[in-house]
Amino acid sequence: MELAFIVNPISGKRLKGNERVARVKAFVSERKLDAVVWETERGGHAPELATKALEQGARRIVAVGGDGTINEVGRVVVGTDCEFGLVPMGSGNGLARHIGLPLGFDDALKLAASGSAIKVDTGEADGHPFFNVMGIGFDAEVGRRFNETKGRGLINYMREGWKAFRAYKSLKCDIETPDGSRTLSAYIVAVANSSQYGSNAFIAPDASMTDGKLNLVAIAQPHLLSFVILIWRMFSKKLYHSPRVTPICADSFTLNMEAGGIFHVDGEIFQCGETLTVKARPKSLRIVAMSC
């Protein structure tokens, strides 16, 4: 088996359900590819299918879905010789945008099946692999709220962000790196492997997936006007210009907090204790990409 397509039929808003699966199967049939097309049936099914594909000798596994599906498949592929292709079908598609993938379904499918793969870095937070961004604080709270709503897309994400903004308070965090430590009162502590959350909202405009490092971005608690300005800075790639923003680049971080809570990896929510360890895994993933 050369290729395995793992398709989440319900992520995002485009080509949902049977139509998405049928389009992938038609693509495989038309090109007479040595491939299987497997559909996820529940949460947590994608890693099982990816493991099965590896066991059957797949040379490349393609995730067709949103950030959650990409993370679930990627966490199985990372650290192996298997190549990883993406057909982004989510709301923000931050990783896909960073690596220059087309967002159109047919073009993305063609590239994922036949494009060249390059080695890139990944991240790991308390043992959980991530490929785009992890974080604690406000963005984890927004992710939790967003995951619990039925709506998708940027508008729904912004709506949940506004609700969280009115209720969430800063956390005190001691950030240790190999070069030293510093204590910050932060509203958001994001650690980015690629440059953006998604939808061209850039949390770490200078992030690279090939430098062996991660980019931590700490943001002090804003008031309403500065919150709006911070959002504008994200979409204009000028977040680092804000005096409320502290960027730190390193290959590992230890985050010490006053209490445990939640954190996210690529939007997936997990619980953590008072200490959270985040580290880069250089050149650990062979991904089909146009740029990094």
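(1) closer than 28 Å to Ala289 by Cα; (2) modelled with pLDDT of 95 or more; (3) aliphatic (A, V, I, L, M): which one isn't true of Leu255, the others all being true?
(1)
Would you confirm whether any residue within the stretch 202-218 is at pLDDT 95 or above, of a type in the set (Phe, Trp, Tyr) and crowded, with 18+ Cβ neighbours inside 10 Å?
Looking through the stretch 202-218, at least one residue is at pLDDT 95 or above, of a type in the set (Phe, Trp, Tyr) and crowded, with 18+ Cβ neighbours inside 10 Å.
What number of residues in the stretch 221-252 are touching a strand residue (DSSP E or B) at 6+ places or on another chain (Cβ under 8 Å), surrounded by fewer than 17 Cβ atoms within 10 Å (Cβ to Cβ) and at pLDDT below 95?
The number of residues fulfilling the criteria is 1.
Assuming Val87 fulfils every condition listed in (1) farther than 16 Å from Val7 by Cβ; (2) in contact with a helix residue (DSSP H, G or I) (Cβ under 8 Å, 6 or more places away or on another chain); (3) among the β-branched types (Val, Ile, Thr) apart from one, which condition is it?
Tallying (1) farther than 16 Å from Val7 by Cβ; (2) in contact with a helix residue (DSSP H, G or I) (Cβ under 8 Å, 6 or more places away or on another chain); (3) among the β-branched types (Val, Ile, Thr), Val87 fails exactly one: (1).
In the stretch 27-53, what count of residues is obtained for those that are over 26 Å from Gly92 (Cα atoms) and among the aliphatic types (A, V, I, L, M)?
Count: 5.
Hey, among the residues in the stretch 175-201 that are more than 15 Å from Ser252 (Cα to Cα) and surrounded by fewer than 16 Cβ atoms within 10 Å (Cβ to Cβ), which one's farthest from the chain's Cα centre (by Cα)?
Thr183
Count, please, the residues in the stretch 245-278 that happen to be closer than 19 Å to Ala220 by Cβ and among the charged types (D, E, K, R).
So the answer is 1.
Do the conditions hold for Thr210, that is, is it out of contact with any Leu (no Cβ under 9 Å at 6 or more places or on another chain) and under 18 Å from Phe130 (Cβ atoms)?
Taking the combined requirement at face value, the residue satisfies it.
Of the conditions (1) at pLDDT 95 or above; (2) over 26 Å from Ala280 (Cα atoms), Lys16 clears all except one; give me its number.
Status for Lys16: all satisfied but (1).
Looking at the stretch 203-222, which of its residues are charged (D, E, K, R) and closer than 16 Å to Val278 by Cβ?
Within the stretch 203-222, Asp211, Lys213 qualify.
Results for (1) modelled with pLDDT under 95; (2) under 18 Å from the mean Cα position of the chain (by Cα), shown as yes or no for each residue.
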{"site": "Leu49", "(1), (2)": "no, no"}
{"site": "Asp67", "(1), (2)": "yes, yes"}
{"site": "Glu83", "(1), (2)": "no, yes"}
{"site": "Gly94", "(1), (2)": "yes, yes"}
{"site": "Leu101", "(1), (2)": "no, yes"}
{"site": "Asp106", "(1), (2)": "no, no"}
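On the phi > 0 side of the Ramachandran plot and at pLDDT 95 or above, is that true of Lys32?
So Lys32 passes the test.
The values are calculated or read from the model by the stated rules, or taken from the named source; none is laboratory data. Because the structure is a prediction, the values reported are computed rather than measured. Every residue, glycine as well, gets a Cβ built from its backbone with ideal geometry; the counts of neighbours run over all protein chains shown.
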